[in-house]
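**Q** Would you mind keeping the following structure in view while I ask a few things?
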Amino acid sequence: MTAVTRLNVMQPNLGEEEIAAVADVIESGWIAQGPRVAEFETRFAALVDTRNAVAVSNCTAALHLAMVVARVQPGDDVVVPSFSFVATANAPTYVGARPVFADVDPVTGNVTAETIENVLTPKTTAVIAVDQGGIPADIAGIRAVCEPRGITLVEDAACGAGSRLGNRPMGVSADIAVWSFHPRKLLTTGEGGMLTTNRQDWADRARKLREHGMSVSAAQRHQSVLAPAEQYLEVGFNYRMTDLQAAVGIVQLGRLAEMVTRRRVLAGMYQDALADVPGVRCVADPAGGRSNFQSFWIEVSAGHRNSREELLGELASAGISARRGIMAAHRHPAHAGRDHADLTVTERLTDSTLILPLFHQMTSDDLFRVVDVIRRS
Ligand SMILES: *Cc1c(COP(=O)(O)O)cnc(C)c1O
């Protein structure tokens, strides 16, 4: 019997530099939110070409803060895709608002101006548009729906670090963008998130809210022996990132361009190798966009000899860990009771898509192991 090595769907790209950066932080004696977090924020803001970046403990916390600073109220409606990780649909509920599900484009898997417009109500005060799997959503088109109506546009760019739309980084055109540094994403800090916005008042409030609503940050207090008296301005949260995480993030930022390039090469190899397989469609760049291919998915349709479930099973037998495509929140108990519009495309994509292994260290041999199972007739 030959042992097959297991191929994971994703693997973080961490090494000696990250280890050294963490060791430096430990030696510095200041491991909670401090100078590394500030530096990571400055560098991240530059990367996404946005005035303010506020680091937080994860992207779910950033989504929550986005709802709070945008002043989404109890009873408001917030349009979200059902076709997304559940955190997107959960965010409005944290402030007592109702997630209203919009369907997605059958090619990109993203909400569009049209699918959003279809579900607007007089109570809609915000839209959360997701760049699903790193594929940039049509933010300009969605903005044109939101802006005249005074609706806040939040971009859930959790998967999107390093993706571009036109000649700009993703996230710049929304009122607020949120990012994730979970190991399932390209750039990781173990857990971690970021909120970016050009609105100074929103950034200032998010910075206070992540630290219990304190008037003076813990880092500022640490700088003086006689710490200034702090005040708690409003009810806040503990959503801080640590300097240990930020130190890893700073190193990862330096690798991001290289990581995106590598993923795009591997994605191109999948696209070429699977182009002529009946019943298989690969995810691709949208018009004018360059994806980081955080998730490389295929849609398996009737033309393939196997169903999606059978193909998953065959891949697993070959030691290849693929994943069912993106979930549909409206089908899960946490959100199943909600009224919703037609979600035909969402339901089809969630039932027919498969996420294939794609990670920085993956070799072409690894990739062709996956391709061979899918092409086998
Ligand atoms: C991963 C993900 C999140 C949650 O990010 P965390 O950092 O794990 O909280 C939110 N939205 C989308 C679209 C995601 O893919």
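**Q** Per residue of the range 333-339, what does 6.51 cos²θ - 1.76 cosθ + 1.60 with θ = phi - 60° give for ³J(HN,Hα)? Whole Hz please, x for Gly and Pro, Karplus curve as stated.
**A** Once θ is set to phi - 60°, the couplings for the range 333-339 become x, 4, 10, 5, x, 7, 5 Hz.
**Q** Moving on to the next point. Over what distance in Å are the Cα centres of the range 9-59 and the range 85-137 separated?
**A** Using only Cα atoms, the two centres lie 29 Å from each other.
**Q** For the residue pair Glu117 and Ser28, what label-to-label distance in nm results when each label sits 7 Å from Cα along the Cα-to-beta-carbon direction?
**A** 4.9 nm
**Q** Please compute the per residue accessible area over the range 7-99 with all protein chains in place, 1.4 Å probe, rounded to a whole number of Å².
**A** 40 Å²
**Q** Let me ask something additional. Between Leu233 and Ser364, what is the spin-label point distance in nm, taking each point 7 Å from the Cα along the Cα→C-beta axis?
**A** 5.6 nm
**Q** Any chance you could check the Cα centroid distance between the range 322-365 and the range 243-310 for me, in angstrom?
**A** 15 Å
**Q** Amide H to amide H, which residues 5 or more places from Lys185 or on other chains are under 5 Å from it, using H placed in the peptide plane?
**A** none
**Q** Now for a different question. Evaluate the relative contact order of the chain (contact order divided by residue number), counting alpha-carbon pairs under 8 angstrom at least 6 apart; express in whole percent.
**A** This gives 23 percent for the chain.
**Q** Considering only DSSP states other than H, G, I, E and B, which trypsin sites (Lys or Arg not before Pro) in the range 35-114 qualify as loop sites with at most 16 other Cβ atoms within 10 Å?
**A** Passing both the DSSP loop test and the Cβ count: Arg51, Arg71.
**Q** Next question, about the same structure. Using the Karplus equation 6.51 cos²θ - 1.76 cosθ + 1.60 (θ = phi - 60°), what ³J(HN,Hα) coupling, rounded to whole Hz, does each residue of the range 244-249 give in order, writing x for Gly and Pro?
**A** 4, 5, 4, 4, 5, x
**Q** Another question about this same structure. Report, to the nearest whole %, how much of the accessible area of the chain belongs to carbon and sulfur atoms, 1.4 Å probe, protein only.
**A** 53 percent
**Q** Follow-up. Quick check for you: with a 1.4 Å probe and neighbouring chains kept, what is the accessible area per residue of the range 256-376, in Å²?
**A** 43 Å²
**Q** Taking amide H positions as placed in the peptide plane 1.01 Å from N, state which residues far from Gly289 in sequence (5 or more) or on other chains have amide H under 5 Å from it.
**A** Those qualifying (amide H under 5 Å, at least 5 residues apart or on another chain) are Gly166.
The values are calculated or read from the model by the stated rules, or taken from the named source; none is laboratory data. Small disclaimer: the values here were computed from a predicted structure and weren't measured. Backbone-built Cβ (ideal geometry, glycine too); neighbour counts: all protein chains shown. The accessibility values were calculated without ligands, DNA or RNA, using every heavy atom of the protein model including side chains. Shrake-Rupley method; radii C 1.70, N 1.55, O 1.52, S 1.80 Å.
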